[in-house]
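Engineer: Provided herewith is a single structure, encoded as structure tokens, for subsequent inquiry.
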Amino acid sequence: MNGLSIPMRRSETYVEWGGRAPVRRKDAVLQRSLHIFNKPYAEEEYWKRVDELKCAMLDRGEYGRFFPADFSMVGYQYSMGELYVGYAPSELALFGAPAFDPTKGNVNTGTETFPSSELPDHLNDLVAEQHVGRPILDSALGRSYTMTPSELGFYQLHGLPLPREHFLTRITNLFRHANGPIPEKVSCDKCDKQIVTWKNVIFSGKRRVLCRPCYLQFIESR
Ligand SMILES: [Zn+2]
């Protein structure tokens, strides 16, 4: 743990400091003693419960571990970690991350779904009643998306191609063009000086990176 932990009075609850400011959430337990998940207990009952919880977690091998990946409600493969790093299925399995099942917890679209491969190639061939406001299946992701009338209007106005991928895939691809939060050591492409830049899922290993002086020189020369 890099941050500072502040033990609360007569409680095992603590606030973690991510930086200078304490982490504050509406549902966080702050300045409260003898509470478990915001529920107050009499002191004797509280310690008995804490003991039971600790013993159960020790038995399951969970005590002291970082939050497990199966705690993620959105499905780990749609997390920021996946956006910026792109874990392999074997890595996700090691981390205990369950694969999100797109058939559960979503709106039941019945048989009305049609695959995105059936979208017409040209905007002019689109039939609003047939293609707009209906669930379109992205077969690669196994999830459905839809196109609203105003969205279609935008594509028509700007002559843009119809989206054939789920918006999560689209936003992942967009994000991956930006540098991520993981540092990466590289050599300046011009003077060979060792510098630190930021990992980029798409461009790392394929891009030219310049140190600041070489970059400014490059800009001024143009
Ligand atoms: Zn340089």
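The values are calculated or read from the model by the stated rules, or taken from the named source; none is laboratory data. Just so it is clear, the model here is predicted, and its values are computed rather than measured. For neighbour counting, all protein chains shown are included, and Cβ atoms are generated from backbone atoms with ideal geometry for every residue, glycine included.
Engineer: Are there any pairs, at least 6 apart or on different chains, whose C-beta atoms fall under 8 Å, with the first in segment 55-73 and without any contact (Cβ under 8 Å) to a residue 40 or more places away in the chain and the second in a loop (DSSP other than H, G, I, E, B) and among the hydroxyl-bearing types (Ser, Thr, Tyr), and if so, which?
Structural biologist: 57/63; 72/79
Engineer: Specify which of the listed residues (202, 219) is free of Cβ contacts under 8 Å to residues at least 40 places away in the same chain and more than 23 Å from residue 82 (Cβ to Cβ).
Structural biologist: Numbers: 202 fails: more than 23 Å from residue 82 (Cβ to Cβ).
From the options 202, 219, the qualifying one is 219.
Engineer: Count, please, the residues in segment 188-199 that happen to be without any contact (Cβ under 8 Å) to a residue 24 or more places away in the chain and in contact with a Lys or Arg (Cβ under 7 Å, 6 or more places away or on another chain). Write out each step before concluding.
Structural biologist: Step one: of segment 188-199, the residues without any contact (Cβ under 8 Å) to a residue 24 or more places away in the chain are 191-198.
Remaining after also requiring in contact with a Lys or Arg (Cβ under 7 Å, 6 or more places away or on another chain): 194, 196.
Looking only at that region, the number is 2.
Engineer: From the list 33, 90, pick out the single residue that is outside the structural domain of residue 159 (by TED's automatic domain parsing), modelled with pLDDT of 80 or more and either closer than 30 Å to residue 204 by Cα or part of a helix (DSSP H, G or I) (or both).
Structural biologist: Values: 33 fails: either closer than 30 Å to residue 204 by Cα or part of a helix (DSSP H, G or I) (or both).
Just a single option satisfies the conditions, and that option is 90.
Engineer: Among the numbered conditions (1) within 16 Å of the ligand (Cβ to nearest atom); (2) modelled with pLDDT under 95, tell me where residue 195 comes up short.
Structural biologist: Going through the list (1) within 16 Å of the ligand (Cβ to nearest atom); (2) modelled with pLDDT under 95, residue 195 breaks only (2).
Engineer: Checking residue 86 against (1) of a type in the set (Gly, Ala, Ser); (2) out of contact with any Ser or Thr (no Cβ under 8 Å at 6 or more places or on another chain); (3) exposed (fewer than 14 other Cβ atoms within 10 Å of the Cβ), which single condition isn't satisfied?
Structural biologist: (3)
Engineer: With the requirement that a residue be aliphatic (A, V, I, L, M) and out of contact with any Gly (no Cβ under 9 Å at 6 or more places or on another chain), what does segment 187-220 give you? Quick ask: steps written out before the conclusion?
Structural biologist: Keep residues of segment 187-220 that are aliphatic (A, V, I, L, M), which gives 195-196, 201-202, 209-210, 216, 219.
Listed by number, the residues that qualify are 195, 196, 202, 209, 210, 216, 219.
Engineer: For the condition among the charged types (D, E, K, R), more than 24 Å from the chain's Cα centre (by Cα) and either closer than 29 Å to residue 81 by Cβ or more than 9 Å from the ligand (Cβ to nearest atom) (or both), what is the one hit in 176, 207? Spell out the reasoning first.
Structural biologist: On the way: 176 fails: more than 24 Å from the chain's Cα centre (by Cα).
It is 207.
Engineer: Related question: Within segment 62-87, take every residue that is more than 28 Å from residue 177 (Cβ to Cβ) and not acidic (Asp, Glu) and give me the one that is modelled with the highest pLDDT.
Structural biologist: Looking only at segment 62-87, we keep the residues that are more than 28 Å from residue 177 (Cβ to Cβ), and these are 62-68, 70-71.
So of that shortlist, the ones also not acidic (Asp, Glu) come out as 63-68, 71.
Numbers: 63: 89, 64: 86, 65: 82, 66: 78, 67: 76, 68: 75, 71: 74.
Filtering first and then ranking leaves 63.
Engineer: Report yes if residue 164 is away from the ligand (no atom under 16 Å from the Cβ), modelled with pLDDT of 90 or more and in contact with a strand residue (DSSP E or B) (Cβ under 8 Å, 6 or more places away or on another chain), otherwise no.
Structural biologist: Numbers: away from the ligand (no atom under 16 Å from the Cβ): yes; modelled with pLDDT of 90 or more: yes; in contact with a strand residue (DSSP E or B) (Cβ under 8 Å, 6 or more places away or on another chain): yes.
Judged against the criteria, residue 164 is a match.
Engineer: Since residue 101 meets every condition but one in (1) part of a loop (DSSP other than H, G, I, E, B); (2) in contact with a Leu (Cβ under 6 Å, 6 or more places away or on another chain); (3) not basic (Lys, Arg), which condition does it not meet?
Structural biologist: (2)
Engineer: Looking only at segment 131-184, which residues are in contact (Cβ under 8 Å) with a residue 12 or more places away in the chain and charged (D, E, K, R)?
Structural biologist: 134, 138, 143, 164, 165, 176, 184
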